[in-house]
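Right, one structure below, let's go through it.
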């Protein structure tokens, strides 16, 4: 594609294409050795250091290091990996952590009415525990680093410049959602809403903090916790909890009331933490 044709493309199309390339570039170097590890000496997680080195090199490149030097400043600006103060880190991570805890509590409350069928592939479950945990943590780190660089960095930044933060948030969150339609389990209503809302939250955190770093940490941690909970559910023996038939049963079910109550408290706490985060961001920007 010539430079002239490329520049004639709408900003949204260009941003989506660049993000797709960044995502592919970042994922291939870590996913490939992991896939080989599943077949060759799966007893030893030897792919972990290889993937870690690749992700480190990937991060340095998208953050402006390496050739060509002419694009170094542009890459750094697109990534938006701005260092944050201790106070900004504290409140941004607290906000994201509370929202993650809210999502988990809401998930368990919702699943008492409509069980959510999400399972790890059998190939992963057959691995030795040490290798399996290493692979799950690697997948989580890859998701946080690569997806945040691609979506909330290289895609979000140019769309925000051209169309504003609202359009950028909606477009990026929708593309982020579509990128997760890689297997049937992601088509459930809960998964669709959960992934889209997570995408919105990460975009809002970028807008408030002007950095993708808090979202990157929260994204990786959230995926790690979710995958480890799936592993625990897959290996836990025993019958499934009975499905609730309506609101009357729910009001008499201690598990539902506990999870629903926790979700309410955690949701309100997350709102309070976010309000404080905005206040801290305004104070620091005014200095």
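Checked against (1) surrounded by 17 or more Cβ atoms within 10 Å (Cβ to Cβ); (2) more than 11 Å from the chain's Cα centre (by Cα); (3) assigned to a helix (DSSP H, G or I), residue 211 passes all but a single condition, namely (3).
Only one residue in 41, 25 is in a loop (DSSP other than H, G, I, E, B) and at pLDDT 90 or above. Which one? Just one listed residue meets the conditions, 41. Listed conditions (1) in contact (Cβ under 8 Å) with a residue 40 or more places away in the chain; (2) in contact with a helix residue (DSSP H, G or I) (Cβ under 7 Å, 6 or more places away or on another chain); (3) surrounded by 18 or more Cβ atoms within 10 Å (Cβ to Cβ) are all met by residue 87, apart from (3).
The values are calculated or read from the model by the stated rules, or taken from the named source; none is laboratory data. No experiment lies behind these values; they were computed from the predicted model shown. Don't worry about glycine lacking a Cβ; one is built from the backbone with ideal geometry, like all the others, and counts go over all protein chains shown.
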